[in-house]
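A short write-up of the structure that comes next.
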Amino acid sequence: MSTSPVREQSAKPLRHNDKQKIVEHYDFVSPYYQSLWGDHIHHGYWIRGDESKEQAQTQLMEHLAELANIQAGCTVLDIGCGFGGSSIYLARKYKAHATGITISPVQVDMARKAAVAAQSDARFLLMDAEALDFPQPFELLWSVESISHYHDRPRFFANAVRFLKPGGLFALTDWFKKPGLSPAQERRFIEPIERGMFIEMETMDDYESHLIASGLEIVHRQDLTLQCAKSWDLALDVLRDKSFWKLAAKMGKDFVANLQSFRAMRAGYSSGNFVYGLFTARKPFDATAK
């Protein structure tokens, strides 16, 4: 007699940010994302409003880099590096010694090939951000739109700070939810994004608490929602491409949910329930700090 129904009933439901699902998703879609978004897989930052998608994506990196006060030749750990765009950019513009990590083998391969093509010495490793392991600390921890994929953010920040030099900076952007949402607002605006994008969102206040608890001092906190919203006006153009829906049908319900979440992202922006935020935080020189 089969016992599979019992196992199904007792099994815990998968989290939206289940790591195996994330690996499978990015292993498959990264080449498609690169064909759509170019060298960078993240939002754009519009200053005037008439910039191209590529200009806006570069402006996001430049804005974060300026706030991080990157020095020539500094050591950078790009946590959740995608297919390497930020690491290569920082290595090229700032002569940074950049190391990028991702849990997607396909992204590691894409990033390494991109570095060779760009004649960059940025290096890329297959590594879980929640299990960082390096012999030496870095002067800058950099993470763009990755941390919301992680399971235990307080533990992640506490561990990551171990690999940041005293006086070093943690610079990040991520996806957040507006504080104080009702259960109905969570169901309508947040859960479709989390399900389709394989993430779990917290508020900016939550991240500030995590950063401070890990021993860092907040240097800069900024809500970039208005400047980044146009990214999803452009992303909705993807949904008009029938080939992607055919691809989604072939890949299964998770990929269909991913495409559907493009509309959910736009609705989150329009309703004000989704927040795109930025932090920089410094590790004190005090050796007794956490």
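The residues of the range 29-65 that are crowded, with 16+ Cβ neighbours inside 10 Å and either touching a strand residue (DSSP E or B) at 6+ places or on another chain (Cβ under 6 Å) or aromatic (F, W, Y) (or both), listed by number, are Y33, W37, H42, Y45, W46, L64. Only residues that are touching a residue at least 40 places away in the same chain (Cβ under 8 Å) and among the polar types (S, T, N, Q): list them for the range 37-69, please. Hit for the range 37-69 is N69, nothing else.
Of the residues A158, A184, A171, A213, the single one that is small (G, A, S), farther than 16 Å from I22 by Cα and surrounded by 22 or more Cβ atoms within 10 Å (Cβ to Cβ) is A171.
For beta carbons closer than 6 Å, sequence separation of 6+ or different chains, a first residue in the range 216-235 that is farther than 17 Å from Q55 by Cβ and touching a residue at least 40 places away in the same chain (Cβ under 8 Å) and a second that is among the basic types (K, R) and in a strand (DSSP E or B), the qualifying pairs are E217/R282; V219/R282.
What tally of residues in the range 37-71 results from selecting those that are in a helix (DSSP H, G or I) and in contact with a helix residue (DSSP H, G or I) (Cβ under 6 Å, 6 or more places away or on another chain)? Reasoning before the result, please.
Within the range 37-71, the first condition is being in a helix (DSSP H, G or I), and the residues that meet it are 37, 53-68.
Imposing the further condition that a residue be in contact with a helix residue (DSSP H, G or I) (Cβ under 6 Å, 6 or more places away or on another chain) reduces the set to 53, 61.
So the answer is 2.
Just checking, how many residues over the range 84-130 are over 20 Å from L141 (Cβ atoms) and among the basic types (K, R)? Step through it out loud before you land on a result.
Step one: of the range 84-130, the residues over 20 Å from L141 (Cβ atoms) are 105-106, 109-110, 112-114, 116-119.
Retained after the next criterion (residues that are among the basic types (K, R)): 112-113.
The qualifying residues number 2.
Checking each residue in the range 195-231 for being at pLDDT below 95 and either in a helix (DSSP H, G or I) or out of contact with any helix residue (DSSP H, G or I) (no Cβ under 6 Å at 6 or more places or on another chain) (or both) picks out R195, G196, M197, K230, S231.
Of all the numbered requirements in (1) surrounded by fewer than 16 Cβ atoms within 10 Å (Cβ to Cβ); (2) touching a residue at least 40 places away in the same chain (Cβ under 8 Å), D121 misses one, and that requirement is (2).
So, in the range 72-84, how many residues would count as being of a type in the set (A, V, I, L, M, F, W, C) and in a loop (DSSP other than H, G, I, E, B)?
Result for the range 72-84: 4.
For the range 130-141, the criterion of being under 18 Å from the mean Cα position of the chain (by Cα) and in contact (Cβ under 8 Å) with a residue 60 or more places away in the chain is met by at least one residue.
Considering only the range 172-187, state which residues are touching an Asp or Glu at 6+ places or on another chain (Cβ under 8 Å) and under 16 Å from V144 (Cα atoms). Matches in the range 172-187: T173, D174, W175, F176. Every condition in (1) of a type in the set (S, T, Y); (2) in contact with a Leu (Cβ under 9 Å, 6 or more places away or on another chain); (3) not in a strand (DSSP E or B) is met by Y33 except one, and the failing one is (2). For the range 97-148, the set of residues classified as of a type in the set (A, V, I, L, M, F, W, C) and farther than 27 Å from H210 by Cα consists of V106, V108, M110, A111, A114, A115, V116, A117, A118, A122, listed by residue number.
The values are calculated or read from the model by the stated rules, or taken from the named source; none is laboratory data. The structure displayed is predicted, hence computed values, not measured ones. Neighbour counts run over all protein chains shown; Cβ positions are idealised from the backbone, glycine included.
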